[in-house]
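The values are calculated or read from the model by the stated rules, or taken from the named source; none is laboratory data. Treat the numbers as computed from the prediction; the structure is a model and nothing was measured. A quick note on method: Cβ atoms are made from the backbone with ideal geometry, for glycine too, and the neighbour counts reach across all protein chains shown.
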Amino acid sequence: MPTVEQGIQSQLRNIEKEYGRSIDEPVAVVAQSGLTKHNEVVAMLKERYGMRHGAAHRVSLVSRDRMVPTSQVSAPALSPNLQKVYERLLETVDSLGGDIEHAQKRGYVSLRRRKQFAMLQPGAKWINVGLILRQHQTRGRLEPAVKWNALFTHRVRVAAASEVDNELESWLRSAYDDAG
């Protein structure tokens with residue numbers, strides 16, 4: 001079974017074949033355009049190259065990734081205490097498996113496997129851990145997330161590295177397994 005990366009590479013080859021140009025050309029045009037919003041980039045690619053929506057969508061994503069490589073995205077500015085919490089959370093997440101994608105977004109980090117299973121969103125006093133746990137009941141620090149972020153079923157507020165414990169790890173593991 002092909003990996004996600006192999007599927008993306010196949011899609012890029014098909015786009016190059018269908019539109020008769022290297023993927024680098026529309027990516028360079030996107031970079032020069034100064035457009036940053038995904039929908040604007042997609043619309044521009046459709047108009048300029050006559051791309052179908054799926055092709056324009058993929059080129060937009062590739063352009064975004066090339067403009068800000070994940071390795072160069074800095075972690076949010078955090079207090080020393082929250083920096084320890086953030087690092088401990090990332091260590092815990094990375095221990096779940098080697099197939100986790102950390103997607104830096106504006107103000108948070110999306111954690112994905114085949115689909116998103118969690119997010120880390122730093123705040124002033126704690127780090128919000130959003131989880132997709134469809135089979136879990138809310139209790140104690142495992143709060144309902146509906147008013148905070150409707151994409152997630154639960155939220156845990158983590159204010160100290162010691163709160164990244166076996167219980168939180170088990171919730172992360174459940175969300176990770178469900179996303180596989």
For Leu151, indicate whether it is of a type in the set (A, V, I, L, M, F, W, C) and free of Cβ contacts under 8 Å to residues at least 40 places away in the same chain. yes
With the condition being touching a residue at least 24 places away in the same chain (Cβ under 8 Å) and buried (at least 16 other Cβ atoms within 10 Å of the Cβ), I'd like the helices (runs of 4 or more DSSP H) fully within the stretch 13-108 carrying at least 2 qualifying residues. 24-33, 53-67, 80-94
Residues satisfying the stated conditions in the stretch 122-133, i.e. surrounded by fewer than 19 Cβ atoms within 10 Å (Cβ to Cβ) and modelled with pLDDT of 90 or more: Lys125, Trp126
Out of Ala28, Ala77, Ala55, Ala103, which single residue is of a type in the set (Gly, Ala, Ser) and at pLDDT 90 or above? Ala55
Residue in the stretch 88-111 that is touching a Ser or Thr at 6+ places or on another chain (Cβ under 7 Å), over 22 Å from Thr3 (Cβ atoms) and not assigned by TED's automatic domain parsing to the domain that holds Ile8 present: no
Among residues belonging to the stretch 131-177 that are part of a helix (DSSP H, G or I) and polar (S, T, N, Q), point out the one that is nearest to the chain's Cα centre (by Cα). Ser174
